[in-house]
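Reading through the structure tokens given below for one structure.
The values are calculated or read from the model by the stated rules, or taken from the named source; none is laboratory data. A quick note: this is a predicted structure, and the numbers were derived from the prediction, not measured. A quick note on method: Cβ atoms are made from the backbone with ideal geometry, for glycine too, and the neighbour counts reach across all protein chains shown. These accessible areas exclude ligands, DNA and RNA; they are computed on the full protein's heavy atoms, side chains included. Shrake-Rupley method; radii C 1.70, N 1.55, O 1.52, S 1.80 Å.
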There are 2 protein chains.
Amino acid sequence: MQTLTALIFDNFETLDLFGPIEMFGSLPKHFRIQLVSMTGGIIHNHHGVSLHTSAVTELEHQTDILLVVGGKGTRQVIEDHRFLQTLIKLSDDADWVLSVCTGSALLAKANILDNKRATSNKLAWQWVVEQSNKVDWVQQARWVVDGKFYTSSGVSAGVDMTLGFIADRHDIDTARQIANYTEYRWQEDSQLDGFYNC
Amino acid sequence: MQTLTALIFDNFETLDLFGPIEMFGSLPKHFRIQLVSMTGGIIHNHHGVSLHTSAVTELEHQTDILLVVGGKGTRQVIEDHRFLQTLIKLSDDADWVLSVCTGSALLAKANILDNKRATSNKLAWQWVVEQSNKVDWVQQARWVVDGKFYTSSGVSAGVDMTLGFIADRHDIDTARQIANYTEYRWQEDSQLDGFYNC
């Protein structure tokens with residue numbers, strides 16, 4: 001059993017979080033999910049979602065997989081030194097670090113992606129790459145893997161990346177079964193990017 | 001501005017709810033979102049999600065669009081007379097009623113889909129159709145429209161249906177812009193169903 005910790009914040013992007021959660025949650029014998037925030041309590045977003053979270057200082061289980069999501073709220077937390085320090089600590093402790101959309105901007109700002117290949121959201125691309133020039137940014141990719149880091153492009157790409165991660169850790173048949181169960185049209189090729197220059 | 005009311009319950013399927021919420025939430029000038037449950041308070045599901053909801057008896061805004069999701073929890077609420085009566089009242093009041101996955105089983109059980117064409121989740125198909133023989137069940141469809149009712153097949157199909165609904169109410173370019181913004185590979189044809197007999 002591995003523990004996935006998703007670190008969220010106000011105005012996170014809804015599907016950045018819940019797409020991967022649906023896919024990891026489809027293997028309850030393999031993955032346990034912890035939704036956490038800096039102080040715990042209710043986290044709100046701009047889609048009317050109010051989510052109960054635990055405090056990152058009181059994690060019930062050690063983090064094996066860290067999930068970092070994006071959204072409008074990244075513009076605030078990227079200026080928050082304590083948030084970035086927490087990201088560094090969680091990333092160091094985790095075996096795997098996954099980001100969706102502008103979540104990779106947060107990792108980049110905290111220097112966690114230095115000298116790594118990574119991708120991000122297309123529409124926020126300029127803002128993302130301005131956060132660090134030490135990252136080898138890859139604009140044309142559904143998701144990018146470099147060592148223990150999996151970074152996906154915008155929103156829905158997080159679902160494809162999660163299934164890719166599950167295929168890498170288990171096997172492709174397991175990932176395809178989840179896609180079938182959730183009637184999800186999984187794009188299995190991480191390099192095929194229909195949203196590049198679209 | 002139209003109000004979307006999503007009626008949820010313990011052990012709802014994560015993506016059934018949050019896929020459509022992401023898409024409706026992308027047009028904040030057009031859609032306001034209310035997440036409600038029978039008694040209000042925190043609703044939990046099997047993916048570790050704890051969501052704050054308002055009580056259905058204390059709706060802030062009148063419901064224009066009702067969203068009914070599915071998941072394991074349907075097996076309990078389908079036996080709950082008060083829940084089904086609430087579904088009937090909300091459906092009567094709404095201009096549009098949308099269901100995802102086994103959400104259509106709940107509508108069927110409450111006789112809301114009598115003499116309507118509707119679809120549902122593939123893997124729970126037998127259980128769904130046993131809930132009512134008065135519905136014209138369509139097994140091969142990404143989603144089905146009949147009058148004010150939009151029903152989708154399993155989990156991820158709810159996203160395609162929501163974009164289809166937005167295209168019908170606004171225009172296809174608006175729906176395509178949302179798909180592009182969220183880097184979602186929208187399957188625009190409601191009749192194309194890659195999960196039929198797969």
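Quick notes on this one:
- Search result, residues across the range A:19-37 that are over 15 Å from A:THR63 (Cα atoms), surrounded by 16 or more Cβ atoms within 10 Å (Cβ to Cβ) and more than 7 Å from every other protein chain (Cβ to nearest Cβ): A:PRO20, A:MET23, A:SER26, A:LEU27
- Qualifying positions in the range A:163-198 - among the aromatic types (Phe, Trp, Tyr) and within 18 Å of the chain's Cα centre (by Cα): A:PHE165, A:TRP186
- The lone exception for A:ASN11 - which of (1) assigned to a strand (DSSP E or B); (2) touching a residue at least 60 places away in the same chain (Cβ under 8 Å); (3) under 20 Å from A:ALA110 (Cβ atoms) it fails: (1)
- Test: residue in the range A:126-142 that is in a loop (DSSP other than H, G, I, E, B), in contact with a Cys (Cβ under 6 Å, 6 or more places away or on another chain), of a type outside the set (Lys, Arg) and at pLDDT below 95: no
- Residues of the range A:42-62 that are small (Gly, Ala, Ser) and either open to solvent by 60 Å² or more (accessible area, probe 1.4 Å) or within 11 Å of chain B (Cβ to nearest Cβ) (or both): A:GLY48, A:SER50, A:SER54.
- Residue, nearest to A:VAL97 (Cα to Cα), within the range A:123-144, restricted to residues that are of a type in the set (Val, Ile, Thr) and touching a residue at least 24 places away in the same chain (Cβ under 8 Å): A:VAL144
- Between B:ALA175, B:ALA157, the distinction of being in contact with an Asp or Glu (Cβ under 6 Å, 6 or more places away or on another chain) and open to solvent by less than 70 Å² (accessible area, probe 1.4 Å) belongs to B:ALA157 only.
- Residue list for the range B:152-187, filter: among the charged types (D, E, K, R) and within 12 Å of another protein chain (Cβ to nearest Cβ): B:ASP160, B:ARG176, B:GLU183, B:ARG185
- Qualifying residue in the range B:98-121 (condition: buried (at least 22 other Cβ atoms within 10 Å of the Cβ), within 16 Å of the chain's Cα centre (by Cα) and modelled with pLDDT under 95): yes
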